[in-house]
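The values are calculated or read from the model by the stated rules, or taken from the named source; none is laboratory data. Just so it is clear, the model here is predicted, and its values are computed rather than measured. Cβ sites come from the backbone with ideal geometry, for glycine too, and all protein chains shown count toward neighbours.
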Amino acid sequence: MRLLILGTGGMAAAHAENFANIDGVMLVAGVDTNPGNLGSFCDRFGISERFANLDDAIGWGEFDAACNVTPDAIHFPTTMALLNAGKHVFCEKPLATNFADADEMAKTARAKGLANMVNLTYRNVSAIQSARQIIADGKIGDIRHFEASYLQSWLTQPAWGDWKTETKWLWRLSTAHGSHGVLGDVGIHILDFTRYATGLDVTEVSGRLKTFDKAPGGQIGDYVLDANDSFIMHVGTDRGAIGTIHASRFASGHHNELRLRVWGTQGAVEVTNNGDLGSLRVCSEPDLESTTWHDVPLNAVETNYRKFAKAVLDGGPQDPDFAHAARLQAVLDGAIASDRNNGCGISI
């Protein structure tokens, strides 16, 4: 598989490092409008072909698949161009910034018979894979309630750098620069984390989004800081269970923590993304009455990168694919619509 990397910013390195270690994959080209980023990235990974725009790369055409690591708002036009050129696509999350675009991407990929996956990275966490199996095996009974959270604190302390001065953070706070806030940035992660583990589809959502004052006049330089910083969703599901899903960038004391707790008629599970494998606890019979929790041993799982390579090389399963990401985007769109309607419930 000859692989092109579209967008050579920070996350592109993870793509290049992972794919370079997979047998049968060759990194053949890079594309970026920033010549400095493009040059240093391609030098680092020994990539000879370098393009300032996607049209020129498609005109060259000597690649089979692409990693789309561009900013969120650019995913739709660039992925559509790649699909229409007959290229398999591994896209960063979120797939698009609205359901209509995501759905068109999914339908186009399916119609053309092209491998398509979205890099929902927490699928690589062993704990969520094991939790999914425990729930699917019926070990906690029928799900009644769940709580999912994604907590970050980079707006209260400079864990990853000074957000007030670094553009790689400021753009995430500005809708004019393509951000849908914490909902758009990590909302799809937490929805996927929940959907994958529980097998439940969200059918109704009520949501509230909040943007807090972060600078005089709500602006730093060219960046108007109007994207949401925190969100809360209350959801109903296809099998009657209800749950809460929330995230914040003001969660002091939490560096980058995703947690899911699921309660069923015969037990409960708790998943976190801490460490290389994550952690998983279970409370079930015969320990329900004593409310004793047990840690579940975990092992490494296959990454999204390897699954995509297999999908292209051998026709393996494409999971999570574009269609799945589009369904998640419909829930995010519903949360935005609900917030605009003072939190009223929206059917999905």
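Mind telling me which of the residues V262, V282, V296 ends up being touching a His at 6+ places or on another chain (Cβ under 6 Å), aliphatic (A, V, I, L, M) and closer than 24 Å to G243 by Cβ?
Going through V262, V282, V296 in turn, just one is touching a His at 6+ places or on another chain (Cβ under 6 Å), aliphatic (A, V, I, L, M) and closer than 24 Å to G243 by Cβ: V282.
Can you pull out the residues in segment 180-208 that are in contact with a Lys or Arg (Cβ under 8 Å, 6 or more places away or on another chain) and of a type in the set (A, V, I, L, M, F, W, C)?
If the condition is that a residue be in contact with a Lys or Arg (Cβ under 8 Å, 6 or more places away or on another chain) and of a type in the set (A, V, I, L, M, F, W, C), then V182, I188, A197, L200, V202 are the ones that fit.
Might you let me know whether segment 306-319 holds any residue that is outside any strand (DSSP E or B), among the polar types (S, T, N, Q) and touching a Phe, Trp or Tyr at 6+ places or on another chain (Cβ under 6 Å)?
no
Condition check: among the polar types (S, T, N, Q) and surrounded by 15 or more Cβ atoms within 10 Å (Cβ to Cβ). Does S279 satisfy that? Don't jump to the end; show me each part of the working.
Values: among the polar types (S, T, N, Q): yes; surrounded by 15 or more Cβ atoms within 10 Å (Cβ to Cβ): yes.
Yes, satisfied.
Can you work out which of the residues in segment 281-313 that are in contact (Cβ under 8 Å) with a residue 40 or more places away in the chain and over 20 Å from the mean Cα position of the chain (by Cα) is farthest from V89 (Cα to Cα)?
S284
Among the residues of segment 130-145, which ones are surrounded by fewer than 18 Cβ atoms within 10 Å (Cβ to Cβ) and in a strand (DSSP E or B)?
Correct list: R144, H145.
Kindly indicate whether any position in segment 276-290 is touching a helix residue (DSSP H, G or I) at 6+ places or on another chain (Cβ under 9 Å), more than 18 Å from R195 (Cα to Cα) and assigned to a loop (DSSP other than H, G, I, E, B).
yes
Would you check which residues across segment 156-179 are under 20 Å from the mean Cα position of the chain (by Cα) and either surrounded by 22 or more Cβ atoms within 10 Å (Cβ to Cβ) or part of a helix (DSSP H, G or I) (or both) and list them?
Hits for segment 156-179 are K168, W169, L170, W171, R172, L173, T175, H177, S179.
Within segment 185-237, how many residues turn out to be farther than 22 Å from A102 by Cα, crowded, with 22+ Cβ neighbours inside 10 Å and polar (S, T, N, Q)?
1
R249 - would you say it is within 24 Å of the chain's Cα centre (by Cα) and farther than 27 Å from E302 by Cβ?
The answer is yes for R249.
Within segment 104-115, does at least one residue satisfy the condition of being modelled with pLDDT under 95, surrounded by fewer than 22 Cβ atoms within 10 Å (Cβ to Cβ) and not in a helix (DSSP H, G or I)?
Among the residues of segment 104-115, not one is modelled with pLDDT under 95, surrounded by fewer than 22 Cβ atoms within 10 Å (Cβ to Cβ) and not in a helix (DSSP H, G or I), which makes the answer no.
Would you confirm whether any residue within segment 38-59 is under 23 Å from the mean Cα position of the chain (by Cα), of a type in the set (S, T, Y) and either modelled with pLDDT of 95 or more or buried (at least 21 other Cβ atoms within 10 Å of the Cβ) (or both)?
No; the residues of segment 38-59 include none that is under 23 Å from the mean Cα position of the chain (by Cα), of a type in the set (S, T, Y) and either modelled with pLDDT of 95 or more or buried (at least 21 other Cβ atoms within 10 Å of the Cβ) (or both).
Does R2 fit the bill of being over 22 Å from T303 (Cα atoms), among the basic types (K, R) and either outside the structural domain of L183 (by TED's automatic domain parsing) or surrounded by fewer than 22 Cβ atoms within 10 Å (Cβ to Cβ) (or both)?
Judged against the criteria, R2 is not a match.
Answer with yes or no whether A268 is within 18 Å of S130 (Cα to Cα) and among the aliphatic types (A, V, I, L, M).
Details: within 18 Å of S130 (Cα to Cα): yes; among the aliphatic types (A, V, I, L, M): yes.
Yes.
Output yes when any residue across segment 38-52 is of a type in the set (G, A, S), more than 24 Å from K310 (Cβ to Cβ) and in a helix (DSSP H, G or I), and no when none is.
The answer is yes, given that some residue of segment 38-52 is of a type in the set (G, A, S), more than 24 Å from K310 (Cβ to Cβ) and in a helix (DSSP H, G or I).
Sort through V25, V31, V69 and tell me the only one that's under 23 Å from T167 (Cβ atoms), out of contact with any Cys (no Cβ under 9 Å at 6 or more places or on another chain), modelled with pLDDT of 95 or more and crowded, with 21+ Cβ neighbours inside 10 Å.
V31
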